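Below is one structure, written out as structure tokens; comments come after it.
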Amino acid sequence: DTTAPSLSIPSDYTSECSDDLILNDASGSDNCGDVSISEESETVPGDALGNYPVVRTFTATDDSGNSTTLSQTITVVDTTAPEISVPADFIAECSDDIAFDDASAVDACGTVSISSTDETITGSSAGTYLIVRTFTATDDAGNSSSDTQTITVVDTTAPVISPPADYTVECSDVITYDDATATDNCGEVEITIYNQTLAGSSLGNYTIVRIFTATDDAGNSSEYSQTIT
């Protein structure tokens, strides 16, 4: 018996790294005697944790010592992008501290790095704008996925106005018309004044009502009045 056995091995194939490998058996036959089949498996490192070949070497040997050797190559690849989870969208008052939370990601086979870029889109006022945060998760095989979080910044807070104090004056004295002041949490403030004179019981007895309105650049306003008797 000088003839080696016939050997049939599984076909080469490509598998995603997250899938279970199918390790089918080889088979052999001999023209004269029994056949035993041995197998050795070698995993060759690739350019990423999820990219590598598995080489399965099968040897069929008959009882006379004749042998045949063949190899199957399973090519394992990572073509699946990581799954990324970004923080939820939310609305914040322009005077609040904005929370910039991190994104997270998981990958089926390798390590993941996350990068982010922030874009501020101006609105109709200083305290009204959008922050669009784009997160990108990339695994060590170069697959990537992206998602965005939108933070809507609003100005809904009226300015705080400080009008002059009420006072009483003699009709022959010079009346002092002091200005009001105002502050806003986010933008500029404009103050308008409306004066109204209310007649009293005589020419020298009357009331001046000064109405101050402070309006910020987002349209929020507050109103207070001063009374001069």
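The values are calculated or read from the model by the stated rules, or taken from the named source; none is laboratory data. Keep in mind that what you see is a predicted model, and the values were worked out from it rather than measured. Methodologically, a virtual Cβ is constructed for each residue, glycine included, from the backbone with ideal geometry; neighbour enumeration extends over all protein chains shown. Each accessible area value is taken on the protein alone, full model and side chains, heavy atoms only, with ligands, DNA and RNA left out. Shrake-Rupley method; radii C 1.70, N 1.55, O 1.52, S 1.80 Å.
Answer yes or no as to whether Ser8 is modelled with pLDDT of 95 or more and closer than 30 Å to Thr111 by Cβ.
no
Residue pairs, Cβ under 8 Å, 6 or more apart or interchain, first in the range 174-198 and on the phi < 0 side of the Ramachandran plot and without any contact (Cβ under 8 Å) to a residue 24 or more places away in the chain, second in a strand (DSSP E or B) and of a type in the set (Gly, Ala, Ser). List them.
Thr181/Ser162
With the structure loaded, tell me whether Thr79 is assigned to a strand (DSSP E or B), of a type in the set (Ser, Thr, Tyr) and either within 30 Å of Val132 (Cα to Cα) or touching a strand residue (DSSP E or B) at 6+ places or on another chain (Cβ under 9 Å) (or both) or whether it fails that test.
Against the criterion (assigned to a strand (DSSP E or B), of a type in the set (Ser, Thr, Tyr) and either within 30 Å of Val132 (Cα to Cα) or touching a strand residue (DSSP E or B) at 6+ places or on another chain (Cβ under 9 Å) (or both)), Thr79 does not qualify.
Quick one: count up the residues across the range 12-47 that are under 15 Å from Val77 (Cβ atoms) and of a type outside the set (Val, Ile, Thr).
Summing the residues that are under 15 Å from Val77 (Cβ atoms) and of a type outside the set (Val, Ile, Thr) in the range 12-47 gives 12.
Can we say Asn31 is open to solvent by 60 Å² or more (accessible area, probe 1.4 Å) and either modelled with pLDDT under 95 or out of contact with any helix residue (DSSP H, G or I) (no Cβ under 7 Å at 6 or more places or on another chain) (or both)?
yes
Just to check your reading of the model, which residue among Ser41, Ser18, Ser95, Ser11 is open to solvent by 70 Å² or more (accessible area, probe 1.4 Å) and part of a loop (DSSP other than H, G, I, E, B)? Break it down into steps so the answer makes sense when it comes.
Working: Ser41 fails: part of a loop (DSSP other than H, G, I, E, B); Ser18 fails: open to solvent by 70 Å² or more (accessible area, probe 1.4 Å); Ser95 fails: open to solvent by 70 Å² or more (accessible area, probe 1.4 Å).
Just one listed residue meets the conditions, Ser11.
Among residues belonging to the range 46-63 that are part of a loop (DSSP other than H, G, I, E, B) and surrounded by 15 or more Cβ atoms within 10 Å (Cβ to Cβ), point out the one that is farthest from the chain's Cα centre (by Cα).
Top of the filtered list is Gly46.
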